[in-house]
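Enquirer: Pasting a structure below so you can have a look.
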Amino acid sequence: MIGATPLRPVGPSERTQRAVFKAASVLLRSKGGAATFTMERVASRAKIAKTTLYRWWPTKIALLMEVFEQAATKRLLGMQLYGSVDADLRHLLRGLLRLLRSTSAGAAVIGMIIEAQLNPKLAPIFREEFVVRGRVLTRRALLQALRKGDLPSGTNIDLAIDILSGAIWYRLLLANAPLDNAYADGIVDVLLYGIRKEGAALSAKVGDADSSK
């Protein structure tokens, strides 16, 4: 409408976002990490009112999720697949573990896991907003391998992703356990060995059944 006052953009100002993300990242990487991370400490360090922080990030999980995405989204979504399920999964997991150990993303994930356990009302948000989105890249790699015949036709994709995610989260919660390339490769080796061995066993059973007819 001509002459109308332009609507203000929805969301915090860039200055507020930078201050909040910087404060949150510093606190997550400081001594105590996710265990001592609070909205009050973020607001204090960012030099903004708590009401302002809660206005744009109403829960701790909402803030931690955005901190993770700020650190992870560009790096992970920009990863290219090579076309080999072995190489693709190693590449994705190595990149994810490098991100978790070298940025505030790892502590943000720990904080979300803790918060989801302490506050059942927030658990669905963590599951639906973070967990589901976090499975996109591995799902893409596994489905591509399934279509190409690199994995058995009956492969349970969701179970495979659960195994990958569970191994990462378990190691992430162990403070002194390494999140290195060797661990990433080991997860992939065990997963693919199990999938292929199960597929071979099922094929053998089908072959035996057919030959007995």
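Enquirer: Could you tell me which residue out of GLY166, LEU96, SER30 lies farthest along the dipole of the chain toward its positive end? Charges go on the beta carbon: Lys and Arg +1, Asp and Glu -1, centred on the Cα centre.
Expert: Of GLY166, LEU96, SER30, it is SER30.
Enquirer: Helix by helix through the chain, keep the DSSP H runs that span 30 Å or more along the axis on Cα and average at least 0.0 on Kyte-Doolittle, and give those back in order. Intermediate values should be presented prior to the final figure.
Expert: On the way: long enough: 181-211 (45 Å, 0.15).
Sorted by number, the helices that extend far enough and score high enough are 181-211.
Enquirer: With the cut-off at 20 Å, tell me which of the pairs LYS31/LYS121; LYS47/LYS121; LYS22/LYS50 have Cα atoms farther apart than that.
Expert: Exceeds cut-off: LYS31/LYS121; LYS47/LYS121.
Enquirer: Separate question: Could you work out the mean projected area of the convex hull around the alpha carbons of the chain, in square nanometres to one decimal?
Expert: Across all orientations, the chain yields a mean hull projection of 17.7 nm².
Read-outs: derived from the displayed coordinates by stated rules, not from any lab. Model, not experiment: these values are computed from the prediction. Positions of Cβ are backbone-derived with ideal geometry, glycine not excepted, and every protein chain shown enters the neighbour counts.
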